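Enquirer: Structure below; questions to follow.
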Amino acid sequence: MSTTFLVALDLMGTFVFAISGATVGVRHRLDLFGVLVLSFAAATCGGIVRDALIGATPPASLEDWRYLLISSLAGLLVFYRHASVERLRNPVQMFDAAGLGLFAVTGASKALAFGAGPLTAILLGMLSGIGGGIARDVLVAQIPAVLTRELYAIAALAGAAVLVLGRMLFDGPLAPLAAGGALLCFSLRLAAIRLGWGLPIARPPED
Amino acid sequence: MSTTFLVALDLMGTFVFAISGATVGVRHRLDLFGVLVLSFAAATCGGIVRDALIGATPPASLEDWRYLLISSLAGLLVFYRHASVERLRNPVQMFDAAGLGLFAVTGASKALAFGAGPLTAILLGMLSGIGGGIARDVLVAQIPAVLTRELYAIAALAGAAVLVLGRMLFDGPLAPLAAGGALLCFSLRLAAIRLGWGLPIARPPED
Amino acid sequence: MSTTFLVALDLMGTFVFAISGATVGVRHRLDLFGVLVLSFAAATCGGIVRDALIGATPPASLEDWRYLLISSLAGLLVFYRHASVERLRNPVQMFDAAGLGLFAVTGASKALAFGAGPLTAILLGMLSGIGGGIARDVLVAQIPAVLTRELYAIAALAGAAVLVLGRMLFDGPLAPLAAGGALLCFSLRLAAIRLGWGLPIARPPED
């Protein structure tokens, strides 16, 4: 049952991340297939790298056709209804924050299940959350937004840490810890957007 | 025997993809070693990522010295005879289309051999075909040509699908299916170049 | 004991590579967390990819908290004391050359320990040395310096080759071979910087 629960969270995250990938693809004037590739990459690359690094081969998001189907539907939606999706910028940011939280906790949980230690599980939870966005931006030759955006990676780190520490230190049950970690990540990220929270920016010498 | 056949196809694909990598390296004024790295990356990165994702470690193109030898020869040829190779642009496009078909079917076949399911095998066949070109372009900080170029990734997908579906649904023999898949990919790609076939391009709102 | 020796070399390399990653991050005005991510990526991505390609999962630099701690300390140092670190440009280049040599020999040695053949071990030793710098530059959308910089990758290749050939052909002891390989790489790189040694640069036709 807890597996079903995690897979459902994962598929929801897949949809919202694919939306963000397709949006970037459309802005860079890729062709339809390029947009679908970017949807799939944004939705799955974090999890694929995580799976390669814990030895869970072949990766779940290649074996299970639902990831490809859902990311392609999101890509087609953005490709043919781009103006409508852009108008929904605020909802999209909210979905993206939700996807970040979902991937952080499902990624950390899968790493633990494959025998990773707590530090690896936290880092791979964060990577599951931010890796797709990094791949998306690298593929259009941009500096990944996650490296400069308000509390993005840190929110994923916090969500993954809640799940991993709750499991390791208190042997807590999976579902509430996953929900709590995802919610913490989601809230941190939304608060950062609304309130303009951010980390200090590097000031190179020429300033 | 069918292994020898697949390896021979793979080495031919290695040569033509290394030519494309070296050509991009020369255009970006890399030094000799940088050109050789780009040759090797364009020729092998697709297969290396595929091998990492199916657990076939260490990857064949690192273990077998012929991949390095052939890609280096192609790189030296382009580095010292760049003008002649550029004059052969049409032949190079034809070789590239052939390499795409060869890698798509050998990649899909190897994924099947390591126990991947049909969807994974098709996707990894495509990735074997397009991954090297993606790595090549990311390494020179460009948007990968495969995301915008006429029917490139789709041709690889079709070639891989012929092999995988033929093997899974009809239990067909390897050599004719590989030849058929590679030929389909090659023909689709050449037709797309000659006839200017392409997919619709995304139109961002400011148009 | 030889494991302790290799880990010590590896942690020293981690620190100097993290300095280079953080410096690039500061120059691109990332936020604090982005700078720490770039520190960690520059210090560990070469080794992480090597570990994925030899099946050593999960990668050592995720499991062992010292890599994260050391790279974060280097990142904080550069973030808050950037002017001082920039003034040390020459020492940083020297440390970077040392890190290159250290990672090349520890990477090759680990690949051998996981059953890789000699060619794979040499190539993965080189990749351990240069992979972090490639990841660092790709993440800020630049052509990797290693593809154009004086004798960078070749120095790493030479250092890894000393260790691998010494182990395979003469069954030599690990510590002196590692020291010799690292020293060769370090000296080649420093000599190349001081004397302006470089490989020929590609001349595209329009010259």
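The values are calculated or read from the model by the stated rules, or taken from the named source; none is laboratory data. Computed from a predicted model, the values in this text were never measured in an experiment. Backbone-built Cβ (ideal geometry, glycine too); neighbour counts: all protein chains shown. These accessible areas exclude ligands, DNA and RNA; they are computed on the full protein's heavy atoms, side chains included. Shrake-Rupley method; radii C 1.70, N 1.55, O 1.52, S 1.80 Å.
Enquirer: Provide an ascending nm list, one decimal, of label-point separations from A:Leu73 to the equivalent residue in each further copy; define each label point as 7 Å from Cα along Cα→Cβ.
Expert: Here the equivalent label points are 5.1, 5.1 nm apart from this one.
Enquirer: Follow-up. Given charges of +1 on the Cβ of Lys and Arg and -1 on the Cβ of Asp and Glu, with all other atoms neutral, how large is the dipole of chain B about its Cα centre, in debye to the nearest 20?
Expert: Using Cβ point charges on Lys, Arg, Asp and Glu, chain B gives about 360 debye.
Enquirer: Ignoring ligands, DNA and RNA and using a 1.4 Å probe, state the total buried accessible area between B and A in Å², rounded to the nearest 100.
Expert: Details: alone 10650 and 10650 Å², together 18880 Å².
When B and A are taken together, about 2400 Å² of accessible area is lost.
Enquirer: Label position 7 Å from Cα toward Cβ: report the copy-to-copy distances for A:Phe170 in nm, one decimal, ordered from shortest.
Expert: Counterpart label points of A:Phe170 in the remaining copies fall at 6.0, 6.0 nm.
Enquirer: Do you know the relative contact order of chain C, to the nearest whole percent, from alpha carbon pairs under 8 angstrom that are 6+ apart?
Expert: Value for chain C: 22 percent.
Enquirer: Still on this structure, I have one more. Provide a list, ordered by number, of residues in segment A:178-207 showing at least 50 Å² less accessible area with every protein chain present than when their chain is taken on its own, using a 1.4 Å probe.
Expert: Checking the loss per residue gives A:Leu199, A:Pro200, A:Ala202, A:Pro204.
Enquirer: If you roll a 1.4 Å probe over the heavy atoms of the protein chains, what accessible area per residue do you get for the protein assembly as shown, in Å²?
Expert: Accessible area per residue, the protein assembly as shown: 40 Å².
Enquirer: Next up: Give me the Debye-computed log₁₀ of I(q)/I(0) at q = 0.14, 0.15 Å⁻¹ for chain C, equal point scatterers on Cα only, no solvent, two decimals.
Expert: Values returned for q = 0.14, 0.15 Å⁻¹ are -0.77, -0.88.
Enquirer: Another one. Averaged over peptide A:149-157, how many Cβ atoms belonging to another chain are found within 10 Å of each residue's Cβ?
Expert: Average neighbour count from other chains, rounded to a whole number: 2.
Enquirer: What FRET efficiency, computed as 1/(1 + (r/R0)^6) with R0 = 45 Å and r the Cβ-Cβ distance, is obtained for B:Asp64 and A:Phe5, rounded to the nearest 0.05?
Expert: After rounding to 0.05, the efficiency reads 0.50.
Enquirer: Ok, one more. Find the centroid of the Cα atoms in segment C:2-50 and in segment C:51-88, then give the distance between the two in whole Å.
Expert: Distance between centres, Cα-based: 4 Å.
Enquirer: How high is the FRET efficiency between C:Glu86 and B:Leu183 when r is their beta carbon distance and R₀ equals 56 Å, given to the nearest 0.05?
Expert: With a Förster radius of 56 Å, E is 0.45.
Enquirer: List, largest first, the extents of the alpha carbons of segment C:29-78 along their principal axes, each in whole Å.
Expert: Here the Cα extents, ordered largest to smallest, are 35, 20, 12 Å.
Enquirer: Residue by residue, what Karplus-based ³J(HN,Hα) values in Hz, rounded to whole numbers, does segment B:89-95 have, using 6.51, -1.76 and 1.60 with θ = phi - 60° and x for Gly and Pro?
Expert: So the Karplus estimates, Gly and Pro as x, are 3, 5, x, 4, 4, 5, 4 Hz.
Enquirer: At B:Trp197 and B:Ala113, where each label point lies 7 Å from the Cα along Cα→Cβ, what is the point-to-point distance in nanometres?
Expert: Between B:Trp197 and B:Ala113, the label points sit 3.0 nm apart.
Enquirer: In angstroms, what radius of gyration and Dmax does the protein assembly as shown have, counting Cα atoms only?
Expert: Answer for the protein assembly as shown, Rg first and Dmax second: 23.4, 68 Å.
Enquirer: How large is the helix-only mean residue ellipticity at 222 nm for chain C, computed as the sum of -39500 (n - 2.57) over DSSP H runs with n ≥ 4, divided by its residue count, in deg cm²/dmol to the nearest 500?
Expert: -26500 deg cm²/dmol
Enquirer: With charges only on Cβ, +1 for K and R and -1 for D and E, what is the dipole size of the protein assembly as shown about its Cα centre, in debye, rounded to 20?
Expert: The calculated dipole for the protein assembly as shown is roughly 700 debye.
Enquirer: Applying the Karplus parametrisation 6.51 cos²θ - 1.76 cosθ + 1.60 with θ = phi - 60° to the phi angles of segment B:100-105, what ³J(HN,Hα) value in whole Hz is obtained for each residue in order, glycine and proline being reported as x?
Expert: Result, rounded to whole Hz: 4, x, 5, 5, 4, 7.
Enquirer: Follow-up. Through the Karplus equation 6.51 cos²θ - 1.76 cosθ + 1.60, θ set to phi - 60°, convert the phi angles of segment B:16-31 into ³J(HN,Hα) values in whole Hz; use x for Gly and Pro.
Expert: Each residue of segment B:16-31 in turn: 5, 6, 5, 4, 5, x, 5, 4, 5, x, 5, 4, 9, 6, 6, 7 Hz.
Enquirer: Continuing with the same structure: Looking only at other chains, what is the average number of their beta-carbon atoms within 10 angstrom of each beta-carbon in A:62-69? It would help to have the intermediate numbers written out before the result.
Expert: Numbers: counts 12, 6, 3, 5, 0, 1, 3, 0.
Taking the mean over all residues of the peptide, I get 4.
Enquirer: Sort shortest first the distances from C:Pro91 to its counterpart in every other copy, using label points 7 Å along the Cα-to-beta-carbon line, and give them in nm.
Expert: Here C:Pro91 shows inter-copy label distances of 5.6, 5.6 nm.
Enquirer: What is the percent carbon and sulfur in the accessible area of segment C:2-195, measuring with a 1.4 Å probe over the protein chains and ignoring ligands?
Expert: About 69 percent, which is the carbon plus sulfur part of the accessible surface.
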